[in-house]
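Participant: Got a structure for you, written out below as structure tokens; questions coming shortly.
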Amino acid sequence: MITAQTLLWHELIGLAVSVVKAGNPAYVGISGPIMDETRNMLVILTPSGTKRVEKKGCVFLFTLPGGVRAEVDGSALVARPEKRISMRNKR
């Protein structure tokens, strides 16, 4: 089960997300489900199409299953998804 405490170690694709703070003001307000993830970017589906948002320098607000919201600094997400998920076993 995904919780705010374990969010970093789970798959992000499919979760609803909003950009609440960003070094690039054009990113603020982008929201929608995550369609894809790379080491440095999240691909978010918006009503106007997909947007690629850098993880580093942004603060994201995730809506988890059950309606719980979690705010995450994007710097904590910078890693290849498969490496970030496997780090759980090392901590």
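The values are calculated or read from the model by the stated rules, or taken from the named source; none is laboratory data. Remember, predicted model here, so these are calculated numbers, not experimental data. Ideal geometry is used to build each Cβ from the backbone, glycine not excepted, and the neighbour counts take in all protein chains shown. Calculation scope for accessible area: heavy atoms of the full protein, side chains included, ligands and nucleic acids excluded. Shrake-Rupley method; radii C 1.70, N 1.55, O 1.52, S 1.80 Å.
Participant: Pop out the carbon and sulfur fraction of the accessible area of the chain as a percent, whole number, probe 1.4 Å. Working shown, then result.
Facilitator: Values: 2920 of 5350 Å².
It is 55 percent, rounded to a whole number.
Participant: When only Cα pairs under 8 Å and 6 or more residues apart are kept, what is the percent relative contact order across the chain? Write down the numbers at each step before the final one.
Facilitator: Working: 177 pairs, mean separation 26.1, N = 91.
The normalised contact order for the chain reaches 29 percent.
Participant: Using +1 on the beta carbon of Lys and Arg, -1 on that of Asp and Glu, and nothing else charged, what's the dipole of the chain about the Cα centre, debye to 20?
Facilitator: It works out to roughly 300 debye.
Participant: Next question. Treat each spin label as a single point 7 Å out from the Cα along the C-beta direction, and report the Ser86 to Val68 distance in nm.
Facilitator: Rounded to a tenth, the inter-label distance reads 2.7 nm.
Participant: Oh, and also: Taking 25 °C and 0.890 mPa s as the conditions, I'd like the Stokes-Einstein D for segment 1-61 in µm²/s, using the Kirkwood hydrodynamic radius from alpha carbon pairs.
Facilitator: It diffuses with D of about 209 µm²/s by this estimate.
Participant: Then there is this: With every protein chain present, what accessible area does Glu37 have (1.4 Å probe, heavy atoms only), rounded to the nearest 10 Å²?
Facilitator: 20
Participant: Starting from the Cα-Cα distance between Ala4 and Ser75, subtract it from 0.36 nm times their residue separation and give me the gain in nm to one decimal.
Facilitator: 24.0 nm
Participant: Measuring with a 1.4 Å probe in the full set of protein chains, what accessible area per residue, in whole Å², belongs to the chain?
Facilitator: 59
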